[in-house]
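Asker: Please see the structure below; I have some questions.
The values are calculated or read from the model by the stated rules, or taken from the named source; none is laboratory data. Owing to the predicted nature of the structure, the values given are computational and were not obtained by experimental measurement. Don't worry about glycine lacking a Cβ; one is built from the backbone with ideal geometry, like all the others, and counts go over all protein chains shown. Only protein heavy atoms, including side chains, enter the accessible area calculation; ligands, DNA and RNA are left aside. Shrake-Rupley method; radii C 1.70, N 1.55, O 1.52, S 1.80 Å.
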Amino acid sequence: MSDSVANEPNTNHTNILKEKSLFDHGQMEGPDGTHLPSILIRLRTDTIYRNKLYQTLALSWLSTCLGWNAGQLGPALPDLQVITNTTLDEASYYLTALSLGFLIGALAAGWIFRKGHQMITMSTLTGVFAILTAVIPWCKYYVLMIILFLIRGGARGVIDTGCNIMILEIWGKHNGPYMQAVHFMYAVGGIVSPLATAPFLSIRVHDVNHTSKYTNISNYHNLSENFSASFESGKIDSQETHNSSVHFAFAITAAFALSCSFIFLYFLCRSTKQTNNNTDRSPTRVTKNLPRSIRLMSLSLMCATFWFYLFLEKAMVFFLPTFTLVHMEWTQLQGSYAATTYWAAFAIGRLSGIIITHRFKTDKVLATYISVLTLSSFGLMITTLYQKDIGVWIFVPMSGFCQSILFPLLLSWIEEDFFKKTGKIVSVIMFLGSIGTMVTPIILGYLIDLFTPMWFPYAEVIASVCMLILYFVLLLIRSKIVFDHHENQTCISVQETNKE
């Protein structure tokens, strides 16, 4: 009894010193024994943390600009068609060139970020991206426009991949909430951009002679005289396309991108090299020295998971309005409302993902979201098979919510439980994901045209089930890796004990 009383002051003194140490490092101890960082304290006392947060804010703004650009291209495509005097089918090759450029840029990003300084690369390419964005609406030549889109897509592929690489290098295994925040800002830019671009776009007005005129919402009298065309050739002739207000919309996007270039230049001048030296006090990852065969298998399965995820997302984006119009016999307005519910749930999901990934383990969140996504795919298939409208309004936003955080969450899971992601690995993932984006409309469009529109929900079910299976296979590999690691540690401990 006396011994315990005597030791009590020492215990209290130790606890006080421990709390003080945690406070000095901007941390507090939670009820489960984990150290929870206090953001306000760390902002005041920790220079390295503050620089990391500033860089993350810069990358979030860059992600917003990329989302803004992505949301602008669809609505602006008819105006670009007017400028180059092409058919809609010919103008669609602009997007093909953009996707091809993105594919090349994503593949090259790993090599570029390994050879050069990150801030120099990001500052230079965002500047190039801004200049090309401003130039595009002034280009009247079809072939030159395709070349501009190809180069611009390449720059964006490097920037987009570099954004993910930098978040991973800044925060390491604790990147979850920050990765979700960056991808949420991308969704915000994609939602706001069409609304901001709409006042600058031209609209087609039909008269009794079956002639169409492009008139601008904000400058009706000027553009109604400049644009006129006949439906016979599918082209839209323009006399003075340089007066089109779509130039202002692209100029705004270019200004946003240019601001990112200056921000990265500012970080370069500050020389915040110490920020990237992430001091990770967490335990050493059990997958530090994986066999090459296990690494290749894990990476291959993870790439396949990314491919199926992007197939699911792009299938919903490309074919949901067509499916509701053809199979469900809805109006175009109803189809657009369904697409809006998908994107609204997608944005809400990414916002909530910032909190969820901070509170719960990544593998558990993945299991929950992929399982619910699979159930929603089955629900959509069953209800639309019997043409029940309620199924679209319930299961489409449910799918959007579940899909929203999977991409950044899978990136975080690789970093946390498998192996440290280098620029090369991220670029390979982005490259294969871009291939999935390109082949989705080809595969699914062929199946829908040849058989039935129901192949849209069928494909959703197949892809979600494949994702679920791949997740459990990866989980088994992860469990085996952990088991082997513990066995090795036990053998080492026994050998050290025998030596003593």
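Asker: Determine, from the Cβ-Cβ distance of I120 and I443 and an R0 of 45 Å, the FRET efficiency 1/(1 + (r/R0)^6), rounded to the nearest 0.05. Spell out each step's value before the answer.
Answerer: On the way: r = 39 Å, r/R0 = 0.88.
E between I120 and I443, to the nearest 0.05, is 0.70.
Asker: Here is a further query. Does the range 345-397 come out rounded, prolate or oblate by the C-alpha gyration tensor, with a ≥ b ≥ c the root eigenvalues, rounded set by a/c under 1.5 and, if not, prolate when a/b is larger than b/c and oblate if not? Kindly include the intermediate steps, with their values, before the conclusion.
Answerer: Values: a/c = 5.64, a/b = 2.09, b/c = 2.69.
Cα axes put the range 345-397 in the oblate bin.
Asker: Using a/c under 1.5 as the rounded threshold, could you call the range 340-469 rounded, prolate or oblate? The axes a ≥ b ≥ c are square roots of the C-alpha gyration tensor eigenvalues, and prolate needs a/b larger than b/c, oblate otherwise. Before the final figure, lay out each step's value.
Answerer: Values: a/c = 2.26, a/b = 1.40, b/c = 1.62.
Oblate is the answer for the range 340-469, as a/c is 1.5 or above yet b/c matches or exceeds a/b.
Asker: Let me know the shape class of the range 100-161, please: from the alpha-carbon gyration tensor, a ≥ b ≥ c as square roots of the eigenvalues, rounded when a/c is under 1.5, otherwise prolate if a/b is greater than b/c, or oblate.
Answerer: Details: a/c = 3.57, a/b = 1.79, b/c = 2.00.
Oblate.
Asker: Something else now. By how many nm would the segment from A196 to M454 lengthen if fully extended, with 0.36 nm per residue of separation less the alpha-carbon distance? List each step's numbers first, then the result.
Answerer: Numbers: separation 258, 0.36 × 258 = 92.88 nm, distance 3.48 nm.
Full-extension gain reported as 89.4 nm.
Asker: Distance check, please: which entries in K52/K314; K173/K364; K424/K480; K52/K364; K361/K424 exceed 24 angstrom between their Cα atoms?
Answerer: On the way: K52/K314 33 Å; K173/K364 16 Å; K424/K480 26 Å; K52/K364 27 Å; K361/K424 26 Å.
The answer is K52/K314; K424/K480; K52/K364; K361/K424.
Asker: Express the carbon and sulfur contribution to the solvent-accessible surface of the range 364-474 as a percent, rounded to the nearest whole number, probe 1.4 angstrom.
Answerer: Values: 3290 of 4200 Å².
Here it works out to 78 percent.
Asker: Within the range 374-476, which chymotrypsin sites (Phe, Trp or Tyr not before Pro) sit in a loop by DSSP and count at most 13 neighbouring Cβ atoms inside 10 Å?
Answerer: Numbers: sites: F378, Y386, W393, F395, F401, W413, F418, F419, F431, Y446, F451, W455, Y458, Y471, F472; in loops: Y386, F418, F419, F451.
Those satisfying the criteria are Y386, F451.
Asker: Obtain the nm distance between the two label points defined at L325 and K388 by a simple spin-label model: each point lies 7 Å from its Cα along the Cα-to-C-beta direction.
Answerer: 2.7 nm
Asker: While we're here: Hey, what's the range 432-477 come to in accessible area per residue, 1.4 Å probe, Å²? Write down the numbers at each step before the final one.
Answerer: Details: 2050 Å² over 46 residues.
Here the per-residue accessible area is 45 Å².
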